[in-house]
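Taking it in order: structure first as structure tokens, then the write-up.
All of the numbers you see were taken from the coordinates with simple rules; none came from a lab. Here the structure is a predicted model, which is why all the values come from computation and not from measurement. Positions of Cβ are backbone-derived with ideal geometry, glycine not excepted, and every protein chain shown enters the neighbour counts.
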């Protein structure tokens, strides 16, 4: 995992070919995050039913996770997670930046194992096949996987 270098107390150094993403990126970390350029969340396994003393139907908790922070992730990514995460948790990441009109522009999506210090990349998808997008997502991955 790449070590964070801080430009100041509020921003990590992020260097890729995508200058807008670099400028907007304040922090990328593992686990649940609502950030300037990333939304990420643990996604519980399909078979997990217990939460806060209540028993839910199979798949209910997983769908909750997929439709909260990850609501804007494409259905093909969610389908991959549903297929993979039947009995184990994952962490899903949605990377983006904002254009001049503050509209969210997707960079890509990443799924990792849920271990903080030993997490591994399971899958990644680029939102666009451009040098800038590929560079930004590939650099971001270095901060969340070993």
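Table for the structure above
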{"quantity": "Relative contact order (%) - criterion: Cα under 8 Å, at least six apart; region: the chain", "calculated": "25 percent"}
{"quantity": "Cβ-based exposure ranking for 82, 44, in which fewest neighbours within 10 Å come first", "calculated": "82, 44"}
{"quantity": "Distance in nm between pseudo-label sites at residue 64 and residue 51 (7 Å out along the Cβ direction from Cα)", "calculated": "0.3 nm"}
{"quantity": "Residues 25, 51 arranged by fewest to most Cβ contacts within 10 Å", "calculated": "51, 25"}
{"quantity": "Pairwise label distance in nanometres, residue 142 with residue 98, each label 7 Å out on the Cα-Cβ vector", "calculated": "2.7 nm"}
{"quantity": "Angle between the chain longest axis and helix 75-84 axis [Cα atoms, degrees, rounded to 10]", "calculated": "50 degrees"}
{"quantity": "Structure-derived Kirkwood radius over Cα pairs in Å: which label, when the choices are (i) 15.8; (ii) 16.7; (iii) 14.9", "calculated": "(i)"}
{"quantity": "Rounded to 10°, Cα long-axis angle of helix 131-141 versus longest principal axis of the chain", "calculated": "60 degrees"}
{"quantity": "Burial ranking of peptide ranges 26-37, 97-108, 130-141 (average Cβ count within 10 Å, highest at the top)", "calculated": "130-141, 26-37, 97-108"}
